[in-house]
Number of protein chains: 2
Amino acid sequence: MGSDIDDLGKNDANYTALTPLWFLERAATVHPNRTSLVHGSWRYTWHHTYQRCRRFASALSNHSIGLGHTVHMARVQVAVIAPNIPALYEAHFGVPMSGAVLNTVNIRLNASVIAFLLGHSLASVLVVDQEFFSLTEEALKIWSKKSNNFKPPILIVIGDENCDPKGLRYALSKGAIEYENFLESGDPEYAWKPPKDEWQSIALGYTSGTTSSPKGVVLHHRGAYLMSLGGALVWGMNEGAVYLWTLPMFHCNGWCYTWTLAALCGTNICLRQVTAKAVYAAIAKYKVTHFCAAPIVLNTLINAPPEETILPLPHVVHVNTAGAAPPPSVISAMSERGFRVIHTYGLSETYGPSTICAWKPEWDSLPPEKKAKLHARQGVRYISLEGLDVMNTKTMQPVPADGTTIGEIVMRGNGVMKGYLKNPKANEEAFANGWFHSGDLAVKHSDGYIEIKDRSKDIIISGAENISSVEIENALYSHPAILEASVVARPDEKWGESPCAFVTLKNGVLDSGNEQNLAEDIIKFCRTKMPSYWVPKSVVFGTLPKTSTGKIQKNLLRAKAKEMGPVKIISKL
Amino acid sequence: MGSDIDDLGKNDANYTALTPLWFLERAATVHPNRTSLVHGSWRYTWHHTYQRCRRFASALSNHSIGLGHTVHMARVQVAVIAPNIPALYEAHFGVPMSGAVLNTVNIRLNASVIAFLLGHSLASVLVVDQEFFSLTEEALKIWSKKSNNFKPPILIVIGDENCDPKGLRYALSKGAIEYENFLESGDPEYAWKPPKDEWQSIALGYTSGTTSSPKGVVLHHRGAYLMSLGGALVWGMNEGAVYLWTLPMFHCNGWCYTWTLAALCGTNICLRQVTAKAVYAAIAKYKVTHFCAAPIVLNTLINAPPEETILPLPHVVHVNTAGAAPPPSVISAMSERGFRVIHTYGLSETYGPSTICAWKPEWDSLPPEKKAKLHARQGVRYISLEGLDVMNTKTMQPVPADGTTIGEIVMRGNGVMKGYLKNPKANEEAFANGWFHSGDLAVKHSDGYIEIKDRSKDIIISGAENISSVEIENALYSHPAILEASVVARPDEKWGESPCAFVTLKNGVLDSGNEQNLAEDIIKFCRTKMPSYWVPKSVVFGTLPKTSTGKIQKNLLRAKAKEMGPVKIISKL
């Protein structure tokens, strides 16, 4: 009597493993004729996309790829090396439908890094955009030479009418299978199966590895399901959204929006190359409602020549920005242009963004500058991330919510990765004390919102004081002549380290005669904005090196600052 | 080597049991000062609500209620007998935060049914609205007399300034603890714990039991989490929604919108009693954006005297209707009044609605009648329900998508209950062959949308032909004199059964002299709308008996039709 309220067990009727794969089946049922994907003159419906993904899974399975086909007990990786084209979108469903794990490769990596990734993940199939075939060939050569685990993968090449056909012909001559032929060989009615266990891996993505070897972040079906819905919920992104692929899909699976778009039966607009002109043109042509972009891309949109823009915007466009802390000036300039910006933050290890600076209506009436400053904070956790805090990781105690005490951002919950592939040491560090350690340093404000002050490795320690490079950058971005800015530590004879600013100017390169004047002007400008010990002691003009995702490569700038030698006690800029 | 892509295990950082309880913690963090609940002159913020719920859990725990405190291995039930007031909302978080299971009791049941439920679930705590205290006392008396498992539960009474204070005084004189005092005794900072296992039960709700004893539907944390987010996603219900509680929270936990509102940091507007005037007044006063209601409530809104309405609506109001198949005429009348209606369908066993008639833009240009007809279908599955079909349950084969072959609606996935409490036989039937059997009969249209034709038990079998009572009702609703209609089987000498129509007129009761004329007119009207064997052979005027959730009680009408005796071969109405 009364013994069974918790005894009611799982059965086929009341339990299914969570997986985003069901989203596609639903989209194809509910809106079979709605446009799913547009790429140049290509247009697919959700019916097509579902059929193509099932063909993809079926063809992989015909090649003995997928669940049940194991190599050393590991489920087989399918690596895709492609920009934002339909095949990469299709891989997000087709590959896991076969039971295999999708490894999306950053196309801006060089051959030796790609060789490292392929050798590390033991990719069995490579699906390569024709433009990146030679790069892939080179990577395979390096892998085969350097490693004794090399086994030639199946090569599939994706043709694109927007590219020079030579590339495709070359790949075919080398024995690669054409992607469309590969799909043709598969069954459009293939009876794919959801994973037995939602903890099963769905995707593998490598961190940029600016400080060490790239680490393979492994994600599972459960997390992909929850985070792709979470990303819609925090953004208020509804059924039928028209989404522009400015953010690379190879970056955290497009922050999970690949799967979200199927859940919302929306429309994907592909973009091979992101330029301000192409973004504005796509917004106008396809009535784009949403896109994601790193702050650096927003900066490009803001500073585009008027003839490339379509301002004022003909309809509301929602922008989700993350990938680096956006300077408040970038947020406010976007808002002025009519974009509705949400600011989110996360890492590859958290399926992309997992915090949002949730807007409060009471901020509406604040002056623009104050608004932008509040909005530039990293905010609060996603609905689908259960824990977020800023901690002193020595004591594992939360920092006081005083807006000044710096600690490390830690997270926990279903929005955190399974772990790093074949890297027990990194896993131990990342998951120490039951929290995921982000490596980002932040403060917690009195309203509970967190704000990043720096990556642990980017903080500048000058005379034993911590200086946030981000705060200096935010100030620099408000200087009228500066397009982009990045601040790193430069060795300093007196202080140990001092801030060194690298800046790109709006009007391009200056005459060397003017550099000195402008540098002095910038330093003077900084004095009005920050404590004197924060003021950069050196200013360097030029183009900033960036990763494929638009992140400025501070490691390279740090190396450059080191090369410049220490700031001398007696020196003067 | 390559062996660990699926070996990466769960740990405290990367895995948490899914539960809607986190939504409340998040709402209190993100929008502590936003209004969470309004009831008359009472107003709470999310900060208050979180504190009150933690007090609730803490106070329960002080009374040895909750997880760890077990009776015969069952976790303890807390039953709430109350209309839509703040305490019932708070119970949705406070009770499971203590580890106990929430049993919301339908306040329109009589004492003997309530006695059955309490005895069946072995409720240890009763939280009772002052207006329902006497009813509860009576139920306890019956329980104590009828059963040998009676153990007096802890009695907590909820005062309400909107009620006669006598009721509260009486309850206190009988030793009940006042709800506010009970909360006072709890710790507002109580360190509640999420469930260890997301399969843990969160809520228990009894079916109306029109055909048999009420069955106790047990729901779990995982399902509550997924369905409450699913309900937001399919409705396009975003952050900050203002939700009016027309639908009773005791009905499938308010279709999970109790928890959804916390996820969205929205505002709950309570309503003790649902009248057209009160609904329209609340819409105007609180800028209500969303509410749910059975079609019968919509009918009341449509037919309200103009002075009770606020038409045209001052802002967009979204309505989710379910609970019975809405006649197309009701949907179109609501749309004409400016409400944006979504039509959903589900059962207590599926956490409330789990299918939606997803709107297609291509329907926009259809004539209103055609539009309403398409929209009156039950549609497609929620994002959070993984399987939906119409099957011949003898063969377990899907019916053809021809819009005419009738089968049973079956469902599977995370939106299906754990099972019925202490009812193995019912569980076996409900989950036969790996699908949940809804007991609803439907067809599948060529576009994959399902449409209910009847409850299995409501179908009329006349001369071996199935007649859908719903289709006849839909026709009756379009008759200008009819406010409400319900059709059931009446014994028939010639045909076995024939349709008998019970109708309520818009202008109230007729003179008996006019009844005959109107009945003939209605029958004539039906002849123009349906095959002749569908046309009701009898028409009965009067008020229709309804359940607390606005469902017409066909079992009572069937009994009445039976009492009327068989339609005679020679009879004429």
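The values are calculated or read from the model by the stated rules, or taken from the named source; none is laboratory data. Not measured: the values here are computed from a predicted model. Cβ sites come from the backbone with ideal geometry, for glycine too, and all protein chains shown count toward neighbours. Note: accessible area is taken over every heavy atom of the protein model, side chains too, but ligands, DNA and RNA are not part of it. Shrake-Rupley method; radii C 1.70, N 1.55, O 1.52, S 1.80 Å.
Reported count of residues in segment B:259-282, each being within 14 Å of another protein chain (Cβ to nearest Cβ) and polar (S, T, N, Q), is 2.
Condition check ((1) assigned to a loop (DSSP other than H, G, I, E, B); (2) farther than 13 Å from B:Ala82 by Cβ; (3) acidic (Asp, Glu)) across all residues:
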residue	(1), (2), (3)
B:Ala115	no, yes, no
B:Gly119	no, yes, no
B:Asp160	yes, no, yes
B:Gly167	no, no, no
B:Gly175	yes, yes, no
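Only a single item in (1) in contact (Cβ under 8 Å) with a residue 40 or more places away in the chain; (2) in contact with a Leu (Cβ under 8 Å, 6 or more places away or on another chain); (3) farther than 26 Å from A:Arg108 by Cα is not met by A:Tyr477, and it is number (2).
Taking the conditions exactly as written (more than 14 Å from chain B (Cβ to nearest Cβ) and modelled with pLDDT under 95), does A:Ile85 satisfy them or not?
Numbers: more than 14 Å from chain B (Cβ to nearest Cβ): yes; modelled with pLDDT under 95: no.
Answer is no for this residue.
For segment B:431-484, the set of residues classified as charged (D, E, K, R) and either more than 20 Å from B:Ala376 (Cβ to Cβ) or within 14 Å of chain A (Cβ to nearest Cβ) (or both) consists of B:Lys444, B:Asp447, B:Lys457, B:Glu465, listed by residue number.
Taking the residues in segment B:237-258 that are in contact with a strand residue (DSSP E or B) (Cβ under 9 Å, 6 or more places away or on another chain) and within 13 Å of another protein chain (Cβ to nearest Cβ) as candidates, determine which candidate is farthest from A:Gly236 (Cα to Cα). Taking the candidates together, the pick is B:Val242. Checking each residue in segment A:121-147 for being among the acidic types (Asp, Glu) and part of a strand (DSSP E or B) picks out only A:Asp129. For segment A:138-154, filtered to residues that are surrounded by fewer than 24 Cβ atoms within 10 Å (Cβ to Cβ) and touching a strand residue (DSSP E or B) at 6+ places or on another chain (Cβ under 9 Å), the residue that is nearest to the other protein chains (Cβ to nearest Cβ) is A:Lys151. When you look at A:Val234, is it in a helix (DSSP H, G or I), more than 16 Å from B:Val234 (Cβ to Cβ) and out of contact with any helix residue (DSSP H, G or I) (no Cβ under 8 Å at 6 or more places or on another chain), yes or no? In short, yes.
Matching residues to (1) closer than 17 Å to B:Lys193 by Cβ; (2) among the hydrophobic types (A, V, I, L, M, F, W, C); (3) open to solvent by 30 Å² or more (accessible area, probe 1.4 Å); (4) more than 7 Å from every other protein chain (Cβ to nearest Cβ):
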position: B:Ile5; (1), (2), (3), (4): no, yes, no, no
position: B:Arg26; (1), (2), (3), (4): yes, no, no, no
position: B:Thr45; (1), (2), (3), (4): no, no, no, yes
position: B:Cys53; (1), (2), (3), (4): yes, yes, no, yes
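Picking from residues in segment A:397-430 that are hydrophobic (A, V, I, L, M, F, W, C) and open to solvent by 30 Å² or more (accessible area, probe 1.4 Å), the one that is farthest from the other protein chains (Cβ to nearest Cβ) is A:Ile406.
Return yes or no: is B:Glu497 in a strand (DSSP E or B), at pLDDT below 90 and closer than 19 Å to B:Arg455 by Cα?
Details: in a strand (DSSP E or B): yes; at pLDDT below 90: yes; closer than 19 Å to B:Arg455 by Cα: yes.
Yes: the conditions hold for B:Glu497.
Scanning segment B:202-215 for residues that are at pLDDT 95 or above and either within 9 Å of chain A (Cβ to nearest Cβ) or out of contact with any helix residue (DSSP H, G or I) (no Cβ under 7 Å at 6 or more places or on another chain) (or both) yields a count of 1. Could you list all residues from segment B:14-39 that are in contact (Cβ under 8 Å) with a residue 24 or more places away in the chain, over 23 Å from A:Val416 (Cα atoms) and of a type in the set (S, T, N, Q)? Listed by number, the residues that qualify are B:Thr35, B:Ser36.
So which residues in segment B:238-275 are aliphatic (A, V, I, L, M), open to solvent by 10 Å² or more (accessible area, probe 1.4 Å) and over 19 Å from the mean Cα position of the chain (by Cα)? Once the filter is applied, which keeps residues that are aliphatic (A, V, I, L, M), open to solvent by 10 Å² or more (accessible area, probe 1.4 Å) and over 19 Å from the mean Cα position of the chain (by Cα), segment B:238-275 yields only B:Val242. Can you pull out every residue in segment B:459-501 that is surrounded by 22 or more Cβ atoms within 10 Å (Cβ to Cβ), of a type outside the set (A, V, I, L, M, F, W, C) and closer than 30 Å to B:Ser354 by Cβ? Across segment B:459-501, the qualifying residues are B:Ser468, B:Ser469, B:Glu473, B:Asn474, B:Glu484, B:Ser486, B:Pro499.
Taking segment A:28-43 as the range and being open to solvent by 40 Å² or more (accessible area, probe 1.4 Å) and facing chain B (nearest Cβ under 7 Å) as the test, only A:Thr29 passes.
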